[in-house]
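Please treat every number below as a calculation from the coordinates, not as lab data. Remember, predicted model here, so these are calculated numbers, not experimental data. When we count neighbours, we look across all protein chains shown, and the Cβ atoms used for this are built from the backbone with ideal geometry, even at glycine.
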Amino acid sequence: MGLFDSLKQEAQRNFIARSDEAKNDILYAWPERNIRMLTQLTVGADEVALFVKDGTVQGKLGPGKHQLDANSIPFLSRFLESFTGGNLFVAELYFVSTREFPSVKFGGPIGDVRDPETGLGIGTMVYGDFSVRVMDPERLVVGLVGLRRTSNEEFLAWFKSQVLKVVRDRVAELLVKKKWALLDVTSGAYTEEIEQEVLAGVKPHIDGYGLTVVRLGNFTIGIKPEDEATLKRLTKDQAYSKMAGGFQQYAAGQAMLGAAEGMAKGGDGGGGMLQGAGLGVGMGMAQMLQQAQGAPRPAATSPAGPPCPKCGTPGTGKFCSSCGAPLAVALACSKCGGQLAPGAKFCGNCGQATSA
């Protein structure tokens with residue numbers, strides 16, 4: 001290291017401020033714990049500087065430029081080390097931004113969620129962004145120091161995991177309690193309701209750290225394309241089976257439609273009049289199946305007997321239903337069993353002589 005670099009580094013030790021690379025960080029930890037007396041500290045307009053010792057905040061400084069002197073800033077005396085002759089503070093220094101940070105992106109798997117419509121367990125995921133704001137910098141620093149998450153990256157990773165956990169729990173709970181179809185959820189039909197549930201659900205998890213989620217944005221719940229295709233197919237099948245009166249009737253109708261289409265394709269090369277006729281027959285069969293559930297069955301009828309010898313009305317019993325005359329009992333041929341006409345001397349089927 002050259003003389004110029006040494007002088008530059010020495011000068012920088014007399015000035016403390018958030019680095020340019022960390023301007024957009026919610027939390028920034030000053031990399032050194034040893035701070036010289038009379039060092040100039042610069043705190044931005046939208047942040048606060050916190051001095052921490054043994055996991056507790058001993059003091060804080062607001063926006064502006066401050067000369068670190070124990071005589072003018074009394075709490076700094078808690079950090080003075082006697083072995084340095086009172087010229088050195090030993091402290092952890094954190095800069096915490098208090099403005100709202102929008103468009104913090106998050107996302108990840110929710111896990112398998114059972115679809116109320118089909119009963120299938122479908123892997124779901126969520127992604128979007130949120131805006132966050134630090135309401136109490138002291139509680140944030142103390143909480144994160146206790147969790148050993150003192151960098152901005154560690155803080156955001158922890159915070160996003162809290163949001164994702166709440167999303168996972170809330171979506172699963174809503175699907176069970178409200179019986180929302182998963183395809184409706186992924187279509188965005190319930191996005192507003194889910195967002196409100198997530199905002200309310202995440203609050204107890206982050207209140208203790210002095211944080212608040214101001215709003216959610218671009219909030220989307222999705223599933224794999226192949227799972228979406230499966231759900232759509234099963235949902236369609238269930239809807240059609242209800243229309244047909246049951247799954248067996250729907251399956252039979254589908255089989256008939258398939259058979260009719262196969263016949264049409266095999267009859268004239270897949271086109272022409274036969275194809276249309278085959279498809280029409282299949283559709284007609286499917287409609288007949290749908291109507292069969294409620295259609296009344298025809299009443300059973302008994303075969304008509306010989307006509308009444310008096311008025312000619314077809315007989316169905318021992319007496320005529322029109323005039324009341326006794327009906328002749330039908331005789332059968334002893335050879336072939338065929339019915340004999342009244343007064344016949346020979347069988348009209350085989351020529352056998354009758355006993356009349």
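A few comments on the model shown:
- Subtracting the Cα-Cα distance of Lys178 and Gln352 from 0.36 nm times their residue separation leaves 54.4 nm of extension gain.
- Low-density loop positions, trypsin sites (Lys or Arg not before Pro), segment 144-192 - DSSP coil, at most 13 other Cβ in 10 Å: Arg148, Lys179
- Segment 101-226 shape via C-alpha gyration tensor axes, a/c threshold 1.5: prolate
- Separation of the alpha carbons by more than 19 angstrom is noted, of Lys160/Lys203; Lys165/Lys203; Lys105/Lys178, for Lys105/Lys178.
- Cubic angstrom per residue, convex hull over Cα atoms of segment 8-112: 146
- Exposure proxy ranking for Glu138, Glu47, based on other Cβ atoms within 10 angstrom of each Cβ and starting from the fewest, stands as Glu138, Glu47.
- 5 angstrom amide H check on Phe319, placed H, neighbours 5+ away: Leu327
- Estimated FRET transfer efficiency (Asp20, Ser103; beta-carbon r; R0 25 Å; 0.05): 0.75
- Cβ-Cβ FRET estimate between Val90 and Glu153, R0 fixed at 25 Å, reported to 0.05: 0.45
- Qualifying trypsin sites (Lys or Arg not before Pro) in segment 60-145, DSSP loop, other Cβ atoms within 10 Å at most 12: Arg99
- Order of Glu228, Glu92 - criterion: other Cβ atoms within 10 Å of each residue's Cβ, fewest first: Glu228, Glu92
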